[in-house]
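The values are calculated or read from the model by the stated rules, or taken from the named source; none is laboratory data. Nothing here was measured: the structure is a model prediction, and the numbers come from that model. Glycine also receives a Cβ, built like all others from the backbone with ideal geometry; neighbour counts cover every protein chain displayed.
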Amino acid sequence: MTSLSTGTRPAGNAEATTDDRVHDADAQDCLAMQSMLGIVGRRWTGAVLLACTRGARRFGEYRHLVGGISDRLLSQRLKELESLKLIEREVIPTTPVRILYHPTDSGRELVEALHPLISWGSRHMPREIPSGVPRRAPGP
């Protein structure tokens with residue numbers, strides 16, 4: 001049996017086990033994917049990030065684009081995305097103070113990577129949630 005990473009046979013006479021064929025890179029890729037899905041799959045977070053890359057800057061614009069989100073939860077998601085360095089917050093010292101949010105390069109790159117999933121969802125997912133399907137994802 002050959003090694004998946006080098007194309008060579010494993011040392012000794014023993015055949016490689018399934019565990020031998022699982023590479024650190026594969027495990028790291030799985031962790032990276034789970035981490036990313038944990039972020040964008042969290043209730044409202046993906047929609048807030050998408051709204052940011054589509055031009056939302058002020059709180060009210062996010063509230064309009066991400067229909068159904070509460071002010072408290074929107075504020076929480078904006079803070080989380082800022083702490084993850086996916087968006088940046090700009091304070092403009094006017095009266096009243098204006099706060100704007102902009103996507104970072106990393107945030108734009110993440111949304112760009114999600115475009116195939118967004119397109120797939122637009123084609124294959126129902127526009128309305130069928131009865132009997134929970135309307136909310138678990139967690140805050």
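List of remarks:
- Cys52 meets all of the listed conditions (1) under 12 Å from Leu110 (Cβ atoms); (2) part of a loop (DSSP other than H, G, I, E, B) but one, namely (2).
- Near pairs, Cβ below 8 angstrom, 6+ apart or cross-chain, from region 81-100 (more than 18 Å from Trp44 (Cα to Cα)) to any residue that is hydroxyl-bearing (Ser, Thr, Tyr) and in a strand (DSSP E or B): Arg89/Tyr101; Glu90/Tyr101
- Any hit, region 83-101, residues being basic (Lys, Arg), modelled with pLDDT under 95 and over 14 Å from the mean Cα position of the chain (by Cα): yes
- Enumeration of residues in region 60-87 that are within 19 Å of Arg98 (Cα to Cα), surrounded by 16 or more Cβ atoms within 10 Å (Cβ to Cβ) and either among the charged types (D, E, K, R) or in contact with a Phe, Trp or Tyr (Cβ under 7 Å, 6 or more places away or on another chain) (or both): Glu61, Arg63, Leu74, Arg77, Leu78, Ile87
- Taken together, the criteria exclude Glu112 from residues that are touching a Lys or Arg at 6+ places or on another chain (Cβ under 6 Å), assigned to a helix (DSSP H, G or I) and either within 19 Å of Leu37 (Cα to Cα) or hydroxyl-bearing (Ser, Thr, Tyr) (or both).
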